[in-house]
Amino acid sequence: MRYFLAALLLAYLPFLGILIGGSTSSLVLNFLGRENRNARSLRLSKELIETVAGNNPFLFLAGLLPFPIVACLWQRILPPPAPLPWFSWILPFGALLSGCLLLSFYRSALRRTTDLQILHFRAGAAGLLAILFASFLLFVLLGTLFNPGKLQLIRGNAVFILSYKALAGFFLFLALSFGLTGGIALRFPGRLPAGTEKPDPEYPGYARSVGSSLALGGAFAVPALVVLDLISLPSTALSLEVFAAAAAALVLALVVVLILYPYLENPAGRPGGRISILYLLMFLAFVAGEQAAVGNAFLGRQAPRKPPFPAGGPEGQMPGPAEPTVEKGRTVFQDACRACHLVESRLVGPPLKDVLSKYRGNLENLKRYIRDPAKVNPDYPLMPHLGLKEEEVDAVARYLLTSVGKESLPEKPAAAMPAEEKGKAVFETVCSSCHRFDTRLVGPPFNEVVPKYAGNVEGLKRFIRNPVKTNAGYPAMPMLGLKEEEIDAVARYLLAKVKGGG
Amino acid sequence: MRKKIAILALLGYFGAVLLLVAGLAYLWYRTDPAPEQPIAFPHTIHAGTLRLPCTFCHLFAERSRFATAPPMQICMGCHRTIATDREEIKKLTRYYDEKRSIEWKRVYALPDFIYFSHKRHIKAGLECEACHGDVASMKRVRRASNLVMGWCVSCHRVRNAPMDCYTCHK
């Protein structure tokens, strides 16, 4: 979308530039010509405005069409809510439209006679002012794009729409426009005079001097304005491409001066075409640089948050024949929740029996929390986003509300359970989150640490009851809050399991 | 003679401006907005895919003036077991085992004479993204705001935050 905007601007800005440059110089020349009774400047004035408008007044208006598109794009590419209401675009567009209409009025008057009535001249001047104003507004709007942080603030305080960047960009645009107009004016001398006017030997020289002074003035103004433009950019919008575009514009301006300099002393050949192309290239560099700067400024601002990835969730779970949801919920619970939550006691997160009671009969709230956890209790770290699929969230929420604590999970072992089985169950639900027998996980491998307690069940039980940090290479083990008989069972189980244990 | 001087002046003018642009580019390069970090920590995974909240690692953002880089225990809490086969994690483990701290390159730095508190701004309801951009989509963190005074003031003005000089210049 941004690239489309760039291409549009690339086509649009030179058009607007010629419009402004051509009509300004035409008006000024016309004024001077009438004051000094100078037929040459009157004729150049006429030729300039005719180039600008083409031979068809409708062409004049056709160039306006991109403007609503620019407006629409500008509103769209910005993150919602768009900083400006849509009707605020009527002002610049209306100014542009009326300016163009007034200028075409001026042009058609000039076509009939070079000796204008004051009314026509004033109409032209008003039209020119309107167009200048509209393009200034356009640059003000573009200028806001370089500082996306401010965009949200515009509705709160309209002053923030102004920026130095807009001013610098506008003046740079004007310099390029007049340069381009100069380049076009330089092409006139070779042309045959239109109509049946008698050839004027002085005219080519006159057109040449006007054109080359415009082009030279533009070329001299460009470097200073390029620097201003760079200075006014916020540092977040800068990048190597922006500097490269600025340097390219400078070099092009230098080439223009180098072509025109010998031409001034010895007018031979027709540099008009070359100069025009150089100025068009400068426009290209200008738009490319602005585009890169806007891209930089928006980097990491534009992208909306992506929907959560299905990450880490168990995949390819085939729903069992009986009670598929409960089955699935149990799997998700084992994979995603159990590492941090126990039913009866605190581990990393709070005991489920405490927090789940809040959601009794409120499945949707629980699902919402699992989907997007928020910090509730300052005593616990924030639960991370788990990235479960929607059906997994649903299954585990149902499972949590219906089955946890009611199923014979080892935290509530049946009284009849033999001690060894009970120890194994506690190991599997509690210890195995962090410990393996043979490798390190979060905690050290059991085969390394449990043998220290060989023949010392009480010592191991004491450690499990109240863990202390012994090895700097591992984080401290949390208090597990197990019941006394569970501690006893798991301690015996571990000692029996490890090599070299009791 | 006059011609020579004119050409020299011409070249001098353009040369000076070119130098100026080069100087600006160098200045920008010196304050690189996206410095290369000693470990290529991907916020895209931690804040993006996993959607860990910022304060999961930047522990003190809500509680003090400084958001702080996380202590290595936070990294190792998970990366003792997760993704240990990756190059960058091995690098991290090496730092940890050698008890060296990682010298992260600072992306946002305020001068000494500015008083700024993360805690206040979070309490006022600002999201981290408002100033730091969408970090979750940045492979390497890039400065999203230039932290100049006008930038601070414009936001303060719109949100009716204190406008007293003393608020920031203590």
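The values are calculated or read from the model by the stated rules, or taken from the named source; none is laboratory data. From a predicted model like this one, the values you see are computed outputs, not experimental measurements. No Cβ is skipped: glycine too gets one built from the backbone with ideal geometry, and neighbour counts run over all protein chains shown. For the accessible areas, the whole protein counts, side chains as well, though only heavy atoms, and no ligand, DNA or RNA atoms are used. Shrake-Rupley method; radii C 1.70, N 1.55, O 1.52, S 1.80 Å.
For region B:47-143, please list each of the helices (runs of 4 or more DSSP H) lying entirely inside it that holds at least 1 residues being under 30 Å from residue B:164 (Cβ atoms).
Details: elements: B:54-57, B:72-79, B:87-97, B:118-123, B:128-132.
The qualifying helices (runs of 4 or more DSSP H) are B:54-57, B:118-123, B:128-132.
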task: Say whether the condition of being more than 14 Å from chain A (Cβ to nearest Cβ) and among the aliphatic types (A, V, I, L, M) is met by at least one residue in region B:46-57.
output: no
- request: Tell me which of these residue B:23 doesn't satisfy, since it passes every other one: (1) assigned to a helix (DSSP H, G or I); (2) within 8 Å of chain A (Cβ to nearest Cβ).
  value: (2)
query: Hey, residue B:3 hits all of (1) more than 10 Å from chain A (Cβ to nearest Cβ); (2) free of Cβ contacts under 8 Å to residues at least 40 places away in the same chain but one; which does it fall short on?
result: (1)
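Here is a yes/no grid of residues against (1) within 14 Å of chain B (Cβ to nearest Cβ); (2) under 58 Å from the mean Cα position of the chain (by Cα); (3) open to solvent by less than 60 Å² (accessible area, probe 1.4 Å); (4) over 18 Å from residue A:344 (Cβ atoms):
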{"residue": "A:427", "(1), (2), (3), (4)": "no, yes, yes, no"}
{"residue": "A:436", "(1), (2), (3), (4)": "yes, yes, no, yes"}
{"residue": "A:439", "(1), (2), (3), (4)": "yes, yes, no, yes"}
{"residue": "A:494", "(1), (2), (3), (4)": "no, yes, yes, yes"}
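Please pick out the residue among B:92, B:126 that is in contact (Cβ under 8 Å) with a residue 24 or more places away in the chain and away from chain A (no Cβ under 11 Å).
Numbers: B:126 fails: in contact (Cβ under 8 Å) with a residue 24 or more places away in the chain.
Answer to the check: B:92.
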Residue check for residue B:77: within 10 Å of chain A (Cβ to nearest Cβ), open to solvent by less than 40 Å² (accessible area, probe 1.4 Å), out of contact with any helix residue (DSSP H, G or I) (no Cβ under 7 Å at 6 or more places or on another chain) and over 27 Å from residue A:298 (Cα atoms): yes
task: Select from region A:226-243 the residues that are within 22 Å of residue B:11 (Cα to Cα) and either open to solvent by 30 Å² or more (accessible area, probe 1.4 Å) or over 29 Å from the mean Cα position of the chain (by Cα) (or both) and list them in ascending order.
output: A:228
field: Considering residues of region A:206-225 that are within 38 Å of the chain's Cα centre (by Cα) and open to solvent by less than 10 Å² (accessible area, probe 1.4 Å) only, the residue nearest to the other protein chains (Cβ to nearest Cβ)
entry: A:223
Candidate set from region A:244-277 (those that are buried (at least 21 other Cβ atoms within 10 Å of the Cβ) and away from every other protein chain (no Cβ under 14 Å)); member that is farthest from residue A:16 (Cα to Cα): A:271
- prompt: Taking region B:130-170, which residues are more than 7 Å from chain A (Cβ to nearest Cβ), on the phi < 0 side of the Ramachandran plot and open to solvent by 60 Å² or more (accessible area, probe 1.4 Å)?
  reply: B:139, B:140, B:148, B:149, B:159, B:162, B:163, B:164, B:165, B:166, B:169, B:170
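For (1) surrounded by 19 or more Cβ atoms within 10 Å (Cβ to Cβ); (2) modelled with pLDDT of 90 or more; (3) in contact with a strand residue (DSSP E or B) (Cβ under 6 Å, 6 or more places away or on another chain), each residue gets a yes or a no:
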{"site": "B:5", "(1), (2), (3)": "no, no, no"}
{"site": "B:8", "(1), (2), (3)": "no, no, no"}
{"site": "B:12", "(1), (2), (3)": "no, no, no"}
{"site": "B:26", "(1), (2), (3)": "no, no, no"}
{"site": "B:32", "(1), (2), (3)": "no, no, no"}
{"site": "B:39", "(1), (2), (3)": "no, yes, no"}
{"site": "B:58", "(1), (2), (3)": "no, no, no"}
{"site": "B:61", "(1), (2), (3)": "yes, no, no"}
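Just the residues that are small (Gly, Ala, Ser), crowded, with 17+ Cβ neighbours inside 10 Å and touching a residue at least 24 places away in the same chain (Cβ under 8 Å), please, taken from region A:94-112.
Within region A:94-112, A:95, A:99, A:104 meet the criteria.
Collect the residues in region A:393-415 that are over 17 Å from residue A:352 (Cβ atoms) and at pLDDT below 55, keeping them in residue-number order.
Let us first name the residues in region A:393-415 that are over 17 Å from residue A:352 (Cβ atoms), namely A:394, A:414-415.
Those that are over 17 Å from residue A:352 (Cβ atoms) and at pLDDT below 55: A:414, A:415.
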- request: For residue A:237, indicate whether it is more than 7 Å from chain B (Cβ to nearest Cβ) and among the hydrophobic types (A, V, I, L, M, F, W, C).
  value: yes
